[in-house]
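Following: one structure in structure tokens, then a few remarks.
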Amino acid sequence: MPKLKLYGGAKNRGRRCYWLVKELGLDIEPVEIDLHSGQHKSPEFLKINPNGHVPVLDDDGLLLHESFAINLHLAKKYGVAQGSPLAPRSLEEEALMTQWTFWVVNEIEHLQGVILQHRLTTAGPAATALLPEGARDPKRADDAWERLQKPLGVLDATLTGRDYLVGDRFTVADLNVAIVLSTFSRLGLELTRYPNLRAWLDTCLARPAGQGYV
């Protein structure tokens, strides 16, 4: 198998990739990047990712950034090769996995980020995104939470009578969506009004491979 190297630790968005790597049982070399010291802005790292962000995957010379692009790539290239249930089994499944990955970024993540910036008070994977106390606006967080109700309702309705998003099994689509929603509990956001979503999320986050990353 080609040499795999992943830049970025398990306490930032690299955790999304490390969860998938563990699910797939891949042998990967982790390369810690110290964000607090600005290592991600160093000339050496900017040659790897000129955007100055982690994670970055080095797959035998292919440098790939954006955590979910990395996950979709790993699932298709290595998951398909090993017959992993996380990988797409058809072009239709691949399209749906891509759809749900884009969906969680466009419909959930940016609003969740507003709440995180204006409400979160504890340290953790997203602590660097916090705003100073005086710059926070609780109303912006409340408005973002209200706007989240529609996409959360869409996800809850989609999960009616089914256990997973694509096919009849846990796939990279479930992982990508669940890892974003895993932050909700840290933000104190209650999901009990969405029973299908809540049950699905609990199932996803309880997977052994996800422990330590969710």
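What FRET efficiency, computed as 1/(1 + (r/R0)^6) with R0 = 35 Å and r the Cβ-Cβ distance, is obtained for Arg186 and Thr160, rounded to the nearest 0.05?
Efficiency, rounded to the nearest 0.05: 0.85.
Spacing of the modelled spin labels on Lys41 and Asp202, each 7 Å from Cα toward Cβ, amounts to 4.4 nm.
Calculated FRET efficiency, Arg193 to Asp168, Cβ-Cβ distance, R0 = 30 Å: about 0.70 to the nearest 0.05.
Compute the signed sum of charges (Lys and Arg +1, Asp and Glu -1) over the other residues within less than 15 Å, Cβ to Cβ, of Ile28.
On the way: positive: Lys3, Lys5, Arg15, Arg16, Lys22, Lys77; negative: Glu23, Asp27, Glu29, Glu32, Asp58, Asp59, Asp60.
Net charge around Ile28: -1.
Look at the dipole of the stretch 91-210 built from charges on Cβ: of Ser182, Leu159, Ile115, the Cα furthest out on the positive end belongs to Ile115. For the stretch 93-119 and the stretch 57-88, compute the distance between their C-alpha centroids and round to whole Å. About 19 Å separates the Cα centre of the stretch 93-119 from the one of the stretch 57-88.
Each Lys or Arg adds one and each Asp or Glu takes one away; over the other residues whose Cβ falls under 14 Å from the Cβ of Gly167, this sums to -3.
The helix-only estimate of mean residue ellipticity at 222 nm for the chain, built from DSSP H runs of length n ≥ 4 each weighted as -39500 (n - 2.57), is -12500 deg cm²/dmol after division by the residue total. DSSP assigns beta bridges within the stretch 4-81; of those with both partners inside it, close to 75 percent run antiparallel. Sorted from greatest to least, the principal axis extents spanned by the alpha carbons of the chain come out as 48, 46, 26 Å. The count of lysine pairs in the chain whose Cα atoms are under 30 Å apart, excluding pairs fewer than 8 places apart on the same chain, comes to 26. From the alpha carbon centroid of the stretch 1-35 to that of the stretch 137-214 is 23 Å.
Estimated from the Cβ-Cβ distance and a Förster radius of 25 angstrom, the FRET efficiency linking Lys76 and Gln211 is about 0.50.
Every number here is computed from the coordinates shown, using simple stated rules; none is lab data. Note that the coordinates shown come from a computational prediction; the quantities given were computed from them, not determined experimentally. Using ideal geometry, Cβ is built from the backbone for each residue, glycine included, and neighbour counts are taken over all protein chains shown.
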